[in-house]
Amino acid sequence: MSSRRSRSRQSGVSRITDDQITDLVSKLQQLIPELRGRRSDKVSASKVLQETCNYIRSLHREVDDLSDRLSELLASTDTDSDQAAIIRSLLM
Amino acid sequence: MASLIPNLEHSPDMSPEFKRKKRRKTDETPGPFDRNQGSQRIKRWRTEREQQIYSSKLIEALRRSRRTSSSTPAKEVRETADRVLAVSAKGTMRWSRAILASRLGVGAKTMRKHKKAKVTANRSLRKPEIKGEKRKLPAVERKLKVLGRLVPGGRKLSFSNLLEETSDYIAALEMQVRAMTAITELLAGAGTQPPTDRLGSRINS
């Protein structure tokens, strides 16, 4: 433990121990639907990061698709007041 | 630019003891207090209330921006959705500030110029060193880089800060998807179904 500490003090770049990395990675793992159920010691950090990137990319794609559909719907609806009334009543 | 807000609980004490233990803000490891804050923030993204606030803000912003659309409608919607999402984060997270900062054209352009200069300088220095063998970063570091590019404002962050940002960003994105899906369904269904049905089910849920 003490050797780790002295090493990190010298490098000055990362003072993060392996334990902390494992801990943070397992925290992240709980957020990824793909990996949520699995035991954290069976999933490597590399896999968790890979799945995180994939998940964020798929979320971005979904938002893009939704933006497409939403822009079409907004363009095709006739009156502003109709939309506004419907949405307001449904959200409140 | 280090984020100041997550480190509020640490006093700016500059005694020699503290200086020795002084952690750089970008390398700050989250303490127990931070973790509570973080998980509370993430829980907030998952509440119905937060989603409703976001939905109504988004719709307002979309109606306003329809009059002045400079780019394609879909891109406009995407940018508006991201901007409102960043505003909903109330400046607590770096990714939200990065999204809002990128709207200001001048700042973003100068930032990009500086970044480009740095990258080319590194490349020209590395080439003569490598002889036949490609120097590859370990897999984890490479993926960390990719993640840093995906999360707004994530390029300069330390490992632990990047993971914290990622956690919050993912929760926010999920809410964004839920909200936009709901709005799309409302608008798509509004033309064909009578709104009273949905109104009833809405109240009961």
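Residues that are modelled with pLDDT of 50 or more and not charged (D, E, K, R): list the helices (runs of 4 or more DSSP H) wholly contained in the stretch B:1-118 that include at least 3 such residues.
Fully inside the stretch B:1-118 and qualifying: B:32-45, B:48-67, B:73-88, B:94-103.
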Original post:
Only one residue in A:SER26, A:SER46 is at the interface with chain B (Cβ under 9 Å from one of its Cβ atoms), more than 30 Å from B:ARG78 (Cβ to Cβ) and under 18 Å from the mean Cα position of the chain (by Cα), so which one is that?
Top reply: A:SER46
Original post:
What pairs can you find where one residue is in the stretch B:142-170 and within 8 Å of chain A (Cβ to nearest Cβ) and among the basic types (Lys, Arg), the other is in a helix (DSSP H, G or I) and surrounded by 23 or more Cβ atoms within 10 Å (Cβ to Cβ), and their Cβ atoms are less than 6 Å apart, with a gap of 6+ or different chains?
Top reply: B:LYS143/A:LEU49
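The values are calculated or read from the model by the stated rules, or taken from the named source; none is laboratory data. Values in this document were obtained by computation on a predicted structure and should not be read as measured data. Cβ sites come from the backbone with ideal geometry, for glycine too, and all protein chains shown count toward neighbours.
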